[in-house]
Protein chains: 2
Amino acid sequence: MAMGVAGRGGYHHGDLRQAMIEAAEAVLAEKGVDGFTLRECARRAGVSPAAPAHHFGNLVGLLTAVATLGFDELSNAMEAAVAEAVATGGDRLAAIADAYLAVALARPGRFRVIFGRLGLKHGDEALARAAVRAFGILVRETKLALGRQEEGALLTRLPSSFSADADLGTILFVWSLTHGFSTMLVDGQLSPFEAQPGGRERLLKLYSEQLVQLLVSAVRQRRSDIGA
Amino acid sequence: MAMGVAGRGGYHHGDLRQAMIEAAEAVLAEKGVDGFTLRECARRAGVSPAAPAHHFGNLVGLLTAVATLGFDELSNAMEAAVAEAVATGGDRLAAIADAYLAVALARPGRFRVIFGRLGLKHGDEALARAAVRAFGILVRETKLALGRQEEGALLTRLPSSFSADADLGTILFVWSLTHGFSTMLVDGQLSPFEAQPGGRERLLKLYSEQLVQLLVSAVRQRRSDIGA
DNA sequence: GCGCTATCTTGACGCCGTCAAGTTCAATTT
DNA sequence: AAATTGAACTTGACGGCGTCAAGATAGCGC
């Protein structure tokens, strides 16, 4: 039935699932999302091309697993950023945006898998859970920034309802801004600017200092608009 | 050398380049960016798989041509939106953001080709020109919103220099927001919300009414911050 | 009306994802 | 401790992909 623990013996791998995921991450890091092949991953794991089928079903299944882990790491990074912001007195929402960006830049290939819609397993349960968790953090913090943490609980199910269009609007605002900048940086849309004096650092500095400041002030204004 | 006009005779196609581009658009619309193949496009154009090579070099060349046309359409849509805003007295920057979104939603497959970085021809001259034009519109309008249209001329060369970090910061802000929302909508990131009562229309309404309003007020604030 | 040369076809190559059938072997059962 | 079982993996093959080299075709300038 199930095999022992791990290690790489002879016929049976031991922990092929984990090995495939690691290989996938490596390939994504080296060759990006283009040039990513199932066979290459299998090769690196020292296994035949058909072996992964049993663990992931097919290529999409493997990518789905990678994306799920990516969401987890994103969630962890955001939570850590919030914790640090609390400790240092920084802005929580700004810290989240920075963490989001940092994760995207640290592993652009994986970021593309998560959000590029190469085609992930539509109904995958683990993926949905991981995505909801990450998104829930954003929702929670945005509401908190708007001054209505309410129960302040973590989302455990789907997007849940929003108390008002205003909440949803603000969330879209924050997320669009963060995601848009990350995406453009990862996809090289901003490379002309990175070629200018100051390079990428200048962009990141502008983003971190000015954009986020704008974001915060906009949310503040929004809050007063609403009259919370 | 060059053949006559067009039409589909026998051995020679007549205008294969155009036919391939149209076929590519059709495939992108039907099957999306996954499931897009050069052979399928050639099939639709009624031509052998190797025929397109002479016109586009390879698959990347075809996608590059498609992306170039996409940039042109984006530019035209944005300019038209600005013209209409001028006529109706609406906000020009908001009109641009709406046009950007509309183009993305009208042809999501092509939008993905343009911005998804399936790998376009790096140094392609026509592509670069088209991209610079589209981007130049955004820059021009942002500067104008900031109260410094200066020469007000269209960009003809690369991103040019920016008078200050403030300008660049604002442009990043506007573009990130617009691109982020468009991308998430196209890539289905917001589909959970679209499943909620109100559907996609609610999101678009929120975006158009509230986010853009926020954007404008933020830019206004930015302008006063700068002290223009 | 004759070549020139761009255009398109043919055929082949290697790589891809996936499937069906066979092989191995750890864990459980007897 | 030996047999069994069934998950894990291999082998071999299939069709489809992008691309290349070599040959066929035909519009255009001379």
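The values are calculated or read from the model by the stated rules, or taken from the named source; none is laboratory data. What you see is a predicted model, and the numbers here were worked out from it, not measured in a lab. Every residue, glycine as well, gets a Cβ built from its backbone with ideal geometry; the counts of neighbours run over all protein chains shown.
Structure summary
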| quantity | calculated |
| --- | --- |
| Output for segment A:113-146, where each listed residue is free of Cβ contacts under 8 Å to residues at least 60 places away in the same chain and closer than 22 Å to B:VAL186 by Cβ | A:ILE114, A:ARG117, A:GLY119, A:HIS122, A:GLY123, A:ALA128, A:VAL132, A:PHE135, A:VAL139 |
| 2 or more residues within 16 Å of DNA strand C (Cβ to nearest atom) and more than 16 Å from the chain's Cα centre (by Cα): qualifying helices (runs of 4 or more DSSP H) within segment B:1-116 | B:16-31, B:38-44, B:53-56, B:59-88 |
| Any hit, segment A:144-161, residues being modelled with pLDDT of 85 or more, more than 8 Å from chain B (Cβ to nearest Cβ) and surrounded by fewer than 19 Cβ atoms within 10 Å (Cβ to Cβ) | yes |
| Answer from A:LEU120, A:LEU62 - the residue that is within 16 Å of DNA strand D (Cβ to nearest atom) and closer than 26 Å to B:VAL113 by Cβ | A:LEU62 |
| Within segment B:174-203, tally of residues that are surrounded by fewer than 21 Cβ atoms within 10 Å (Cβ to Cβ) and in contact with an Asp or Glu (Cβ under 8 Å, 6 or more places away or on another chain) | 2 |
